[in-house]
Amino acid sequence: MTASTDLQLLEGHAHVFLGAGHSRNERKAWAVIALCSAMMVIEIGGGIAFGSLALVADGLHMSTHAIAMLIAALAYTFARRHATDPRFSFGTGKIGDLAGFTSAIVLALIALLIGYEAVTRFLVPVHIDFREAIPIAFLGLTVNVVSAWLLSGGDDHHHGHSHGHPHPHGPADVEAHVAHEVETRVGRVAIEIFEADEPARFRVRVPGRDAASARRLKISIETMRPGDVRTPFLLEWRDGYFESADAIPEPHEFRAYLAVDDGDGQGTYELQFEEPADHGVGHSHRDHNLRAAFVHVAADAAVSILAILGLLAARYLGWVWMDPMMGIVGMIVIALWAYALVRDTGRILLDMTPDATLASRIRARVEAGGDRVADLHVWRLGPGHLGVILSIVTVRARDVDFYRSALRGFPGLSHLTIEVVSRPRPEATP
């Protein structure tokens, strides 16, 4: 048995796993801090000058908002300054996730405080000065909207993944991996891989023929993967297209042979399918630090809107109970956001596999050539960066470079460790 291990510790190899928009997001966080700090000074100063306790209270609330933003900004700055510090074995990419987790805990505490205050006001109603409270609520909402605008445009707005781009394909609302259009003996044929909430399947359309003529065709596809592994797919006529009865296993990267028979003869056409460059990224690119900052702003905006609704109902309809009721609603909304942040950042901090589909595709890619994956670990190093440890058992004369090339098409594999265990093929018994 021989072993070959690639630790990616070549000369000059750096462990900088910061997100692509790290510097931009850092500037956004500091800009929001400046806005909140300025508003805090104005409100506290104005409250003292004009004797408004409500203004002073809202100014102090704005200070807690600025402190939450400060967590995000300091995390960005620390991660950038220590990105090449050798004391961090896998870089500082997770500092943002740690900050996001901390912000989520702060949000949860804020939700509890709001809930406590709301219940207290249900039991012991307090006098509300509507002339001051309503304008302050609108002012707070304005500040939060501006803050949200400053924090928007980050890389946390991509969700999930697909095998391509939306494509006009009739009544079925799914995503298509738009692959090929081929000139055949029966005219132009479109071959696509469709995947929605169900396993992916081939779909073939013959746009140059009417349905009655097209359905008389016999169409099949045979895929060939590394190691000369061939899989036939018989396509059946649906409502306007042909579809394979069997699902296509991952990865969707292979050579395919399309066979079209119109009754007078058959033509065979060779195609090459490749995964899109962004397939499998999943949520590994998310900047949870920026997300946490945005959730703080959104939570504050939600509270401001609920407060405005409660105050207006109390003033003009006499529903004084609406003010604490909106507090209860706000507590629930913020608690749910805090839970989602704790869940997502906690998974990263505990090195859970960030994308089970990607891990399955890596395994399938290696084992398609007849090898066996003995051990596989995938974890997130930072926004858009994944670490992979892979142990492969093979009976072929293959080295680390062979498997590195095979995995080159997967995005985000920033630190790849491969162990190859070679076992001689057992001799046949005479």
Nearest-0.05 FRET efficiency for M224 and R81 at R0 = 60 Å, using Cβ-Cβ distance, is 0.75
Once all protein chains are kept in place, V124 shows an accessible area at probe 1.4 Å, nearest 10 Å², of 90 Å²
In nm, the gap between the two label points placed 7 Å beyond Cα toward Cβ at S213 and F122 is 7.1 nm
Among chymotrypsin sites (Phe, Trp or Tyr not before Pro) in region 70-124, those in a DSSP loop whose Cβ has at most 13 other Cβ atoms within 10 Å are none
One finds, for D239 and L109 with R0 = 51 angstrom and r their Cβ-Cβ distance, a FRET efficiency to the nearest 0.05 of 0.40
Averaged per residue, the 1.4 Å probe accessible area of region 343-430, protein heavy atoms only, in Å², is roughly 48 Å²
By the C-alpha gyration tensor axes a ≥ b ≥ c (rounded if a/c is under 1.5, else prolate when a/b exceeds b/c, else oblate), the shape of region 197-268 is oblate
Place a point 7 Å from the Cα of A247 in the direction of its beta carbon; the residues of region 201-215 whose amide N falls under 16 Å from it are 201-203
Using a 1.4 Å probe on heavy atoms of the protein chains only, the accessible area for V41 in Å², nearest 10, reads 100 Å²
Result for region 81-121: accessible area per residue, probe 1.4 angstrom, in square angstrom, of 56 Å²
The percentage of the accessible area of region 71-119 (probe 1.4 Å, all protein chains present) made up of carbon and sulfur atoms, to the nearest whole number, is 73 percent
So, with points 7 Å from each Cα along the Cβ direction, the Y257-S152 label distance in nm works out to 5.4 nm
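The values are calculated or read from the model by the stated rules, or taken from the named source; none is laboratory data. From a predicted model like this one, the values you see are computed outputs, not experimental measurements. All Cβ positions, even for glycine, are placed from backbone atoms using ideal geometry, and neighbour counts span all protein chains on display. SASA here: full protein model, heavy atoms, side chains in, ligands and nucleic acids out. Shrake-Rupley method; radii C 1.70, N 1.55, O 1.52, S 1.80 Å.
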